Structures are given as C-alpha cells and as structure tokens.
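Participant: Here's a structure for you.
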C-alpha cells in the first residue's frame, strides 16, 4: 500500500530503527525490493533517481512503482531520490510520488532556504513529504559527483530545518555515494551534535558497504532512513555475470531471475540490520 513517508519515518524515529531507501533501477530490482519487504514484513521506501527516469521515463518508472506499491501488503513510500533537476522533481510530485528529495548543495547559499521553504509549503498542501540535502555528500553515483563532500554544520542545519519546515534531512558525515572511498569513516560525534540540533528524522546517504556496527550506532543517534543503491547493483551484476556463463540459458527471464533473487537477499540483509523487520 502506498503511504506517506513522514508517517513511517515518525514511527521509526520513535522506536529507534531505520527504514531502507532502496533504489530501483529496473523492473527486476523493483520487484525484488518489494518481495524482500513482504518477506520481512518491513516498510519500504522505493526510490527512483533521475538516471532511472532517463533510462525508462518518468511515467513508466512511476507506473511500475505505483503498481507494486498498490499490490503490496506492506507500507511503501515512492520517493524521488537526489533531485537536482527541480523541474523534474516538480513533475514527480505532480504525477503522484509520495515524497521527494531536494538536493540544493549546488545552489547559492542565500537562495537555498527561500527555495526549499516555498517548495515545501506547496508540497505539504498535497501531503507530500520533503527530504532535503544542503551539504554535498561525497562520492560518485548516477548524476551525483561530490568528491569528498562537505560536512554538515549543526547550527546551520538547525536554521535550515526550522525555516524551511522540511520533514527529514540528509546529513553529510563522511559517507560517500557509489563504491566506498579509501579511509571512509563516519563522524558519529558530528551526527550526535546534528541530532541534538534538529527534531526531524535524519537520513544517511551512501551507506552501501558501511560496517554494520557503525550503522547500528548511527541509528541510535537519529538516523531513520538509510539509502542503499550500490550494494543492489553489485548483487545484480555479480549474479548476472555468473548466469550468462551458462550457454544453455538464453531466455532473458531465466537470466534475470537469479539476479532478482540476489537483490532480494541483499535487501533482506539490510532490512534486518536496520531493525525494520516486523514493523510494517
């Protein structure tokens, strides 16, 4: 069932677990993510990025996500991930996404708060949840290229959240998009300061391959939404390469199913780590 992101994040915040924001890149990945949620009885945030929209189109990407969400017995939020093309973010809101993410890290600082405040006000009238990122998170994935990124300033974040009224905030504390960079380490002391400074649920981007104990501590310090993309891609391609070595398999459905199963198992692993099993 399609739900509002704020509703499921509020419960996660109260009960101190996190919900995975899992990026769909193909039909198979979307199916696998929902299957994992059903198996674990976990809420799911099904995320769609600008690159996925370029690949299959906004209408088709949303239709796939909406069909799966409507047919699911678990809560599913359909989320526009890493919106830098604000015209496209608006189209996503118009078509029916239950939440959107505004990445304003490339905007001039004096323009960020007024822009996000105006967008959030309009979105809230339509019961759409707004996530925001102000400080550039490092790494490279899809159309996001932040190198090492810029760490979040707790005082600035408190002002940003207060004046924009966003529903959740993506922190930059050392994680990176894509494959982890050398010597990557999360600044949990900074996260603790940010959590004290704001009252909204916090979001961790670039969490693929992050140590499980670090993830658990981050959740205890206010992280309620954790984005996972690279781990799912790696699982899919690893299994697909193995399957394609068999010359007797030439049906695309038979080629894709093992990869879909591999994504499902990867999502289940993260759901259990995040503590959202049986929280649907």
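Participant: State the extension gain, in nm to one decimal, for the chain segment bounded by residue 88 and residue 4, taking 0.36 nm per residue of separation less the distance between their alpha-carbons.
Facilitator: Working: separation 84, 0.36 × 84 = 30.24 nm, distance 1.98 nm.
Length gained between residue 88 and residue 4: 28.3 nm.
Participant: Using only Cα atoms, locate the centre of segment 243-269 and the centre of segment 65-86, then give the distance between them in Å, rounded to an integer.
Facilitator: Centre-to-centre distance over Cα atoms comes out at 24 Å.
Participant: Here is a follow-up. Ranked by Cβ crowding within 10 angstrom, fewest neighbours first, how are 7, 79 ordered? Present the calculation step by step, with values, prior to reporting the outcome.
Facilitator: Values: 7 14, 79 27.
With the fewest neighbours first, 7, 79 line up as 7, 79.
Participant: With only alpha-carbon atoms counted, please give the Rg and Dmax of segment 204-280, in Å.
Facilitator: 15.4, 51
Participant: Percent relative contact order of the chain, based on C-alpha pairs within less than 8 angstrom and at least six residues apart?
Facilitator: Numbers: 564 pairs, mean separation 64.2, N = 280.
Relative CO of the chain lands at 23 percent.
Participant: Moving on. For segment 1-86, count all C-alpha to C-alpha pairs, find those more than 23 Å apart, and express that count as a whole percent of the total. Let's see the in-between values first.
Facilitator: Numbers: 683 of 3655 pairs.
Summing the P(r) of segment 1-86 above 23 Å gives 19 percent of all pairs.
Participant: Roughly what would the spin-label model give for residue 15 and residue 185, points 7 Å off Cα along C-beta, in nm?
Facilitator: Spacing of the two 7 Å Cα→Cβ label points: 3.5 nm.
Participant: What's the extension gain from residue 165 to residue 254 if we count 0.36 nm per residue and subtract their Cα-Cα distance?
Facilitator: Working: separation 89, 0.36 × 89 = 32.04 nm, distance 4.74 nm.
Value of the extension gain: 27.3 nm.
Participant: Mind checking the full-extension length gain between residue 211 and residue 51? Use 0.36 nm per residue of separation minus the Cα-Cα distance, one decimal, nm. Write down the numbers at each step before the final one.
Facilitator: Numbers: separation 160, 0.36 × 160 = 57.60 nm, distance 2.71 nm.
Extra length available between residue 211 and residue 51 comes to 54.9 nm.
Participant: Given a Förster distance of 51 angstrom, what is the FRET efficiency for residue 238 paired with residue 155, based on the Cβ-Cβ distance and rounded to 0.05? It would help to have the intermediate numbers written out before the result.
Facilitator: Working: r = 43 Å, r/R0 = 0.85.
For R0 = 51 Å, the calculated efficiency reads 0.75.
Participant: Can you list the equivalent-ellipsoid semi-axes of the chain, largest first and in whole Å, using the square root of 5 times each Cα gyration tensor eigenvalue?
Facilitator: The answer is 29, 20, 18 Å, longest axis first.
Every number in this text was worked out from the coordinates using simple rules, so none of it is lab data. All values derive from a computational prediction rather than experimental measurement. Glycine gets a Cβ as well: all are built from the backbone with ideal geometry, and neighbour counts include every protein chain shown.
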